[in-house]
Amino acid sequence: MTYSIQVYNKDGKATGKLSLNEALFNDERINDDLIHEFFILQQANARTPIAHTKTRAEVAGSGKKIYRQKGTGGARAGSSRSPIRRHGGVAFGPRNDVNHSKTMNKKMRKLALCGIITLKAKNEQILGLEANPLAAIKTKAAADMLGKIGLGSKKTLIVMSQKDDVIAKSFNNIPRTKSILADYINPVDLLQYDKVLLLDGSLEKIEQLVG
């Protein structure tokens, strides 16, 4: 099945539809397991471990046996740095030297992205904008334009074909709105935002990325 996205102008009027490349975006490419794997991979690779505990080998303290083996009436005890002792080391605690990174080959990543975009198009969550809506950095104008399209109350991801400070600085000041380059389209952003607004030329860039 061929999916299409509704295209608007900066005044909020629908000007036509743009068809997605059926060879790249179709129901057969929707793989929930692959999408989930790519989503988890991105989150895992973004982790920066901070929590860190010391083992019994790292805490300060003597390694000398606390008291003699027999004759005290108490349990046998060794070093004061044992995890069962106060101020001792921590057993199985969090460490900041743990590697949480995951890997995934390019073919699987492209297939996962195709699946996400197809799902978004299928649910009518992708819209297009026919031209650059702003001539200068102005958050109010950007917010008004989103309102005219019907995205004023939606979490919206703005996708640009190339770097544009006017677009980025105007939209990034709007709550629940984020702008990214088409080259950096990713599963976390696509799935966390309700709507995706493709600016002029960004769809072609995405097709090159996943093709």
(request) Please state which one of ARG47, ARG29 is closer than 29 Å to MET104 by Cβ and touching a His at 6+ places or on another chain (Cβ under 8 Å). (result) ARG47
(request) Being outside the structural domain of ILE40 (by TED's automatic domain parsing), more than 30 Å from ARG29 (Cα to Cα), more than 47 Å from the chain's Cα centre (by Cα) and not charged (D, E, K, R) narrows it down to one of GLY74, GLY63, so name that one. (result) GLY74
(request) Being of a type outside the set (A, V, I, L, M), under 20 Å from VAL166 (Cβ atoms) and modelled with pLDDT of 90 or more narrows it down to one of GLY147, GLY115, so name that one. (result) GLY147
(request) Within region 119-178, work out how many residues are in contact with a helix residue (DSSP H, G or I) (Cβ under 6 Å, 6 or more places away or on another chain) and crowded, with 19+ Cβ neighbours inside 10 Å. (result) 10
(message) What pairs come out if I take residues in region 119-144 that are free of Cβ contacts under 8 Å to residues at least 24 places away in the same chain and pair them with residues that are among the charged types (D, E, K, R) and crowded, with 17+ Cβ neighbours inside 10 Å whose C-beta lies under 6 Å away, six or more apart or interchain?
(response) none
(message) Against the conditions (1) assigned to a helix (DSSP H, G or I); (2) in contact with a Lys or Arg (Cβ under 8 Å, 6 or more places away or on another chain); (3) of a type in the set (D, E, K, R), where does LYS154 fall short? Just the number, please.
(response) (1)
(message) Can you pull out every residue in region 13-64 that is among the basic types (Lys, Arg) and exposed (fewer than 14 other Cβ atoms within 10 Å of the Cβ)?
(response) LYS13, LYS17, ARG47, LYS64
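The values are calculated or read from the model by the stated rules, or taken from the named source; none is laboratory data. Computed from a predicted model, the values in this text were never measured in an experiment. All Cβ positions, even for glycine, are placed from backbone atoms using ideal geometry, and neighbour counts span all protein chains on display.
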